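Novice: Please find one structure pasted underneath; my questions will follow.
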Amino acid sequence: MSKQSFPLLSALRTWLVRTGNRFVLWLYTGVFNLLLTIFGSILARTRMSHNNGIGAVGSFRFVDNPKFPLHPFFEPGKTMPCRIRHGAASFHDDAMRAVRSISIKLADTRSASPFDLELNTGVVALFWSAASFLRFAKYKKTMYGIQYHQYYRNYPVGARGAYAGLRRNPTSFDNLHYYSQTPFWYIATDNVKRYVKYRVVPAEEVPESGLLDDYERLIEPGNQRILPGETRSRNYLKEAYARRLQQGPVFYKVQLQLHTASDDDSMEIFNCCREWDEASHPWMDLGEIRAERALDWSESTLMLFSMNNMPKGLDALPAYSIFDYNSLNYMRKRSDIARKARIFAIKLFGMPPEIPNDDNRNQ
Amino acid sequence: MAKNEKPPKPNLKVRDEYRECHQRTQITFRHNQRKIWHPRLRSYNHIEFHRSRTYGGFLARLGLFFLEIYDGLKKGYQAFHKWLFPQRDKIYGHPSADTVVSGRITFGQKQKDLDVPISNMHLELWGRAYWGGYRKLSQGVTDRDGRFSLPYDLHYARRWWMRRIWLGIYHTGHEHFTERVVRIPDYTLFTKVPILQGDLVGTEMDLNTIQLFYWEYRQDTPLPRVVIRDHDKDTPDQYSPGRLAAIEKQFIPIELIKVKHLDMIKFAPGKLTYEKMQADYPENLTSCLKPKNPDTPDITRGDDWFGERMMNGMYASDFDRDPRNPDLYWIHYHWNSYDKNPHYYAMPDVDVWFRLKPDGLPLPVRITLTGPLRADDSDPRAKHTFTPEDGAKWQAAKRVARVSGAIYTEVAHHFAGTHLNVEQYAIAAFRNLHLSPIAGLLKSFLRSVVLVNHTADRILVGNGYITSACALTPKGLDQVVMNVMGTLDWKHFKPMIPLSEAHVFAKAANLYWDIVAQYVSDYIEYPPYHERILEHWYEVYRFSEDAVNHSVPAFLCNFLRSALLDKSGKPGPGHSAGWYQTGNRMNLNDDRPVVDGVPRAVSRITMAKEREGVTDADLANLKQVCTYIIFQATFGHTWANSKQYDDIGEVKYCSLGLRFGTGPDGVLGPESDTSIAPDLTRATQMMWWSNMLSRTGYGFITANEDKDVSPHMIEALEKHRAAFADLGFDIDTIQSRTNI
Ligand SMILES: [Fe+2]
């Protein structure tokens, strides 16, 4: 019997399948967050990744004459207090090959903010959906500074993301390029549905440091160990950044790319492992960060960034299943409980120790 | 002879007797049925010339009876299962190019083949539901680099009711042809690669390099042979079920006779005589022709018979003219350069000269034996020449020549010339021909040959029967095989030119060659096939490269090299003198392809990888090589194989080796001296051999038991049934594959 004969039945079936998919997404991400909260946030008092980091405080100023339809939150020329935090995933050793990050908070607080952004090095990501992230977690299997071996073997897209995002011994956090990779809503005052991707680059054009050269690309992506004979310390990058701030403020440009939604958009537009074509989606300046003063270890550690801290119309896109590319942000949005539990656990059990400058490398 | 003078007919009386005995002893494959009380053969892989693996005990047979019931039930269940859960040729879901399972398939032999991709391998991505249903999720083929990328529907593959998912790797086995003569590639599952359902999360899931241990070349021999890791469980090819059932029925009665004889030799010495032993086996052509009256001369020991069998019997000899006397024809079996055990068996070099009679059949006029004829002779160069005037010695010399010819025919024509020759093309074909219609043209004819060759390694060559029954050591036998293989090439091959009207072997061979050549040409020129052959020309290129790169070094013996070639290695005045018969032999004018600095026996088919580079000569080469392969795998093998029973089916007439004997004349003693004939054990084993090889059979072109021979080929052959019958050759006996 064809589906056309019973349109109601067909609609019911579709509804059931969709609801089922959403339920599975809710369940998977819920269980994952629960485990993360218990084992990561409470027992270990750590972030899920990016524990190795340093914060800074300063201000954010929107550009005067933006070249794109404006969202009400983006007021030209407006200046807001701002905090940022640079991090590295997921080892406590700056000389290891790692993805670096910048998290931005448009408020001088540890948590509450109207707008948070989290960005990583690499124009594309290492995973693309909640389902792929769960595989990523499953195949982590860290040993002596090597991890995700099986994951990269199984998923060339993940390996490509790793090569795009890993940085070896950058000279400073402020000369790297950071990307949101995943798209978000962008509903401007014209009410046209658009999607946005963000990036952060140095305000002045300087060459990006730490990019993987041909030699580094011969090393399999899972191998993040320090180079033999490495003389840089475990905290060299954080220390270099703090020193840089002592010399004067550091400026970053925040830029965005827009895509106008259309009915014939492929789902691939949401795939964070695919970059948007820069010719049709040019990067446009949104504003400038002025970082003035480094934060100490404990203040840096007590900061939390959340995807729930986003104005309406700029927030995460809806997700319908664990395979949906947007399920990654759905998952992040639901992980606030883990983030808050970490702060609570730190208050209860004390601050985790600062990373020592010892010879205990590749940790 | 004047031009309009008709050649005289051969002696009619002899022909009539011959025809009658030929009829009586001809093989029908309908008798020799296994009786219910007969023991069972474990499998064709377990035949042995000592004692094959059979199950004879009552309990074992009872157990086997139940096992057969179990097997029957299992087959029934499998058929029911197939009916209940069909594997439909339909892709479920909506595959997306953004969600793929990818990987690369290469051959899997360490150090040798690891980086050699397998291209055009058919792949299917399957899922199975908890309730048993099969769902095909995707299909495709590997590219030239062995890589594949199969788009599938992620949401469908991850449905909750999907129990497991796997990648099926299929090879094109032999082909099937429907009544409507449509070729259907027969995709047979080669292996399954399981995939964790949870690993399917979108974008690209890479299965990485999948190494298949697939038609790998052996590394322990310079011959192009395939690796068979386990004859029962891990073989690149399989016998068809019909073939296994047929061999068991046909073989068991023969095995039982041999076992009885071996038991008599062991437990009742002296009870078994050569006559009794001979009588236990079915009557063969020469014993049938034995006169009832002892005073009547035995035609099978006569000179006419000798000449006729050398020309048209199992021997089907290559006749050269004598370089020194062009009126005479010459055949020779030279063993002096091969490793031999000189103490027990006589194995002199044999040269026989013939005169062509007016009826067109050869008559032996002189035989020269070079080497020891008695156990106490030691001079390997001692020449002994005999003519018909030498009476009993002449008779004995003919027997030595018959036996030498039988060993040579068995090893050179039969084993090396067809079995191993066909195997080298079978390996190259199965490794590389997948989507090209050439796969459909060849594979049916190439089936099973590697399996039977593997059995022959154990029971015929190496430490098998031949080295136990004649002076050749396993090393010597290997040398013969290597040298013979070094003389075999498809390029410019033509069957022997008939020496006369009576040369029925050559006439039948040429007739058959022309039929196959026409069939091959029609097949390759058929527009849809032609287009696809060009489209997948890279397969032909790889086929050619594998055949050439693994071919043995080209070989020409020292004598022929100095007699035929000039200093530059090209045919010289000796060659153009015309005494050397070129049909059925490697063309000496052709340049040999050089691999690793060594000129190889097998010629290249093409240098072109792409259709754009394919020349008319390449296509002509392709037709020639296909004709050659089919010819050797069918007619070539059938002739050498099926006539063994005629020519080595009577121990005292001919065998696969002669002892020096204890008489004063050594090996030249009379047939009645049983110290010359093979001992009783080897004698019954030889009878078992010739019965087993000639009197069992499955897989004939006209019978087409496995429905894998093209009806066009059968039709073409049927059209010439009468012409073959006129040559005394029954087309129903032509095997469609080299499988025994
Ligand atoms: Fe054979």
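All of the numbers you see were taken from the coordinates with simple rules; none came from a lab. A quick note: this is a predicted structure, and the numbers were derived from the prediction, not measured. Note: ideal-geometry Cβ built from the backbone for every residue, glycine included; neighbour counts use all protein chains shown.
Novice: Where does helix B:303-312 land angle-wise versus the long Cα axis of chain B, in degrees 0 to 90, nearest 10?
Specialist: Taking the Cα atoms of chain B, the angle to B:303-312 is about 20 degrees.
Novice: Let me ask another. Report, as an integer, the average count of C-beta atoms from other chains found within 10 Å of each Cβ along B:190-202. Could the numbers behind the result be given before it?
Specialist: Numbers: counts 0, 0, 0, 0, 0, 1, 3, 0, 4, 9, 4, 15, 14.
Average per residue, whole number: 4.
Novice: How far, in nm, would the chain grow between B:D522 and B:R218 when pulled straight, counting 0.36 nm per residue and subtracting the alpha carbon separation?
Specialist: Separation in residues times 0.36 nm, less the Cα-Cα distance, equals 105.9 nm.
Novice: So, counting K/R as plus one and D/E as minus one, what does the shell of residues with Cβ under 13 Å around A:T142 add up to?
Specialist: Around A:T142, the charge tally is +3.
Novice: Looking at A:P170, A:N308, B:H261, which one has the Cα that reaches farthest to the positive end of the dipole of the protein assembly as shown (charges on Cβ: Lys, Arg +1; Asp, Glu -1)?
Specialist: Going by the charge dipole, the pick is A:N308.
Novice: Give the relative contact order (percent, whole number) for chain B; include only Cα pairs under 8 Å separated by 6+ residues. Present the calculation step by step, with values, prior to reporting the outcome.
Specialist: Numbers: 1337 pairs, mean separation 114.6, N = 740.
With pairs under 8 Å counted, the relative contact order is 15 percent.
Novice: Something else: Kindly identify region B:96-214 as rounded, prolate or oblate by the Cα gyration tensor criterion: order the square roots of the eigenvalues as a ≥ b ≥ c, call it rounded if a/c is under 1.5, otherwise compare a/b with b/c, prolate if a/b is larger, else oblate. Could the numbers behind the result be given before it?
Specialist: Numbers: a/c = 1.93, a/b = 1.17, b/c = 1.64.
Note, shape of region B:96-214 comes out oblate.
Novice: How about B:K90: which lysines have a C-alpha closer than 22 Å to its C-alpha, ignoring those fewer than 8 places off in the same chain?
Specialist: A:K3, B:K82, B:K136, B:K192
Novice: Report ³J(HN,Hα) in whole Hz for each residue of region A:163-178, in order, from the Karplus equation J = 6.51 cos²θ - 1.76 cosθ + 1.60 where θ = phi - 60°; Gly and Pro get x.
Specialist: Using θ = phi - 60°, the values come out as 5, 6, x, 5, 10, 9, 6, x, 7, 7, 5, 8, 10, 9, 9, 10 Hz.
Novice: Quick one: if the Förster radius is 51 Å, what FRET efficiency do B:S562 and B:D298 give, using the C-beta to C-beta distance and rounding to 0.05? Each step should come with its number before you reach the end.
Specialist: Numbers: r = 42 Å, r/R0 = 0.81.
Computed FRET efficiency for B:S562 and B:D298 comes out at 0.75.
Novice: Which FRET efficiency, nearest 0.05, do B:R159 and B:E283 yield, Cβ-Cβ r, R0 45 Å? Display every interim value, and only then the final one.
Specialist: On the way: r = 69 Å, r/R0 = 1.52.
According to the calculation, E is roughly 0.05.
Novice: Using a Gaussian network model of chain A whose springs link C-alpha atoms within less than 10 Å, name the residue from A:I187, A:I38, A:I343 with the highest mean-square fluctuation.
Specialist: A:I38
Novice: What order, most packed first, do the peptides B:189-198, A:88-97 have when packing is the mean number of other Cβ atoms within 10 Å of each residue?
Specialist: In decreasing order of mean packing, B:189-198, A:88-97 become A:88-97, B:189-198.
Novice: Amide H of B:V226 versus every other amide H placed in the peptide plane: which residues, excluding those fewer than 5 positions away on the same chain, fall under 5 Å?
Specialist: B:R218
Novice: Would you mind telling me which residue in A:S59, A:S172, A:S280 has the biggest mean-square fluctuation in a Gaussian network model of chain A, where springs connect alpha carbons within a distance under 10 angstrom?
Specialist: A:S280
Novice: Using the scaling law 2.2 N^0.38 Å as the reference, what is the normalised Cα Rg of chain B?
Specialist: Numbers: Rg = 27.9 Å, N = 740, 2.2 N^0.38 = 27.1 Å.
Computed over Cα atoms of chain B, the ratio equals 1.03.
Novice: Give the average, rounded to an integer, of partner chain Cβ atoms located within 10 angstrom of each Cβ in A:128-135. Numbers along the way, then the final one.
Specialist: Working: counts 3, 4, 1, 7, 5, 1, 2, 6.
Per-residue shielding by partner chains comes out at 4.
Novice: Once label points are set 7 Å from the Cα along Cα→Cβ at both B:L62 and A:R232, what is their separation, rounded to one decimal in nm?
Specialist: 8.1
Novice: Net charge around A:W26, counting only other residues with Cβ within less than 14 Å of its Cβ (Lys, Arg = +1; Asp, Glu = -1)? The partial results should precede the final answer.
Specialist: Details: positive: A:R18, A:R22, A:K333, A:R334; negative: A:D324.
Every neighbour counted, the sum reads +3.
Novice: Please turn the phi angles of region A:239-246 into ³J(HN,Hα) values with the Karplus equation 6.51 cos²θ - 1.76 cosθ + 1.60 (θ = phi - 60°), one per residue in order, whole Hz, x for glycine and proline.
Specialist: 3J(HN,Hα) across region A:239-246, in whole Hz: 5, 5, 5, 4, 4, 4, 5, 5.
Novice: Place a +1 charge on the Cβ of each Lys and Arg in the protein assembly as shown and a -1 charge on the Cβ of each Asp and Glu, then give the dipole magnitude about the Cα centre in debye, rounded to the nearest 20.
Specialist: Values: 139 positive and 124 negative charges, 753 e Å.
Here the size comes out at about 3620 debye.
Novice: Right, another one. With axes computed from alpha carbons, what is the tilt in degrees of helix A:336-349 against the longest principal axis of chain A, rounded to the nearest 10 within 0 to 90?
Specialist: 30
Novice: What list of ³J(HN,Hα) values in whole Hz, one per residue of region B:462-469 in order, does the Karplus curve 6.51 cos²θ - 1.76 cosθ + 1.60 (θ = phi - 60°) give from phi, with Gly and Pro shown as x?
Specialist: For region B:462-469, the Karplus curve yields x, 8, x, 5, 4, 6, 8, 10 Hz.
Novice: So if I restrict to the alpha-carbon atoms in the protein assembly as shown, what is the Rg, and what is Dmax, the biggest pairwise distance, in Å?
Specialist: For the protein assembly as shown, the Cα radius of gyration and maximum Cα-Cα distance read 40.7, 131 Å.
Novice: How crowded by other chains is B:203-213, given as the mean number of beta carbons from other chains within 10 Å of each beta carbon?
Specialist: Counting other chains' Cβ atoms within 10 Å and averaging over B:203-213 gives 4.
Novice: While we're on this one: Which residues' amide hydrogens lie under 5 Å from the amide hydrogen of B:A346, considering only partners 5 or more residues apart or on another chain, with H built in the peptide plane?
Specialist: B:L658, B:R659, B:F660
Novice: Continuing with the same structure: Rounded to the nearest 0.05, what FRET efficiency do B:R355 and B:A620 give with R0 = 41 Å and r taken as the Cβ-Cβ distance? Could you check?
Specialist: Values: r = 39 Å, r/R0 = 0.95.
FRET efficiency, B:R355 to B:A620: 0.55.
Novice: Projected onto the charge dipole of the protein assembly as shown (+1 at Lys/Arg Cβ, -1 at Asp/Glu Cβ, origin at the Cα centre), which of B:S337, B:Q219, B:T702 gives the Cα projection farthest towards the positive end?
Specialist: Positive-most Cα among the choices belongs to B:Q219.
Novice: Lysine pairs in region B:283-420 with Cα distance under 21 Å, only those 8 or more apart or on different chains: how many are there?
Specialist: 6
Novice: Roughly what angle does helix A:7-35 make with the longest principal axis of chain A, taking Cα atoms, 0 to 90 degrees, to the nearest 10?
Specialist: Between helix and principal axis, roughly 20 degrees.
Novice: Further question on the same structure: Could you check the simple spin-label distance between B:E20 and A:R217, using points 7 Å along Cα→Cβ, in nm with one decimal?
Specialist: Using points 7 Å along Cα→Cβ, the separation is 8.8 nm.
Novice: Near the amide H of B:G103, under 5 Å away, which other amide H atoms are found, from residues 5 or more places off or on another chain, if H is placed in the peptide plane?
Specialist: Placed amide hydrogens put B:F148, B:L207 under 5 Å from B:G103.
Novice: I would also like to ask the following. Around A:H50, what is the net charge, scoring Lys/Arg as +1 and Asp/Glu as -1 over all other residues with Cβ under 10 Å from its Cβ?
Specialist: Working: positive: A:R47, A:R85, A:R100; negative: A:E118.
Residues near A:H50 contribute +2 overall.
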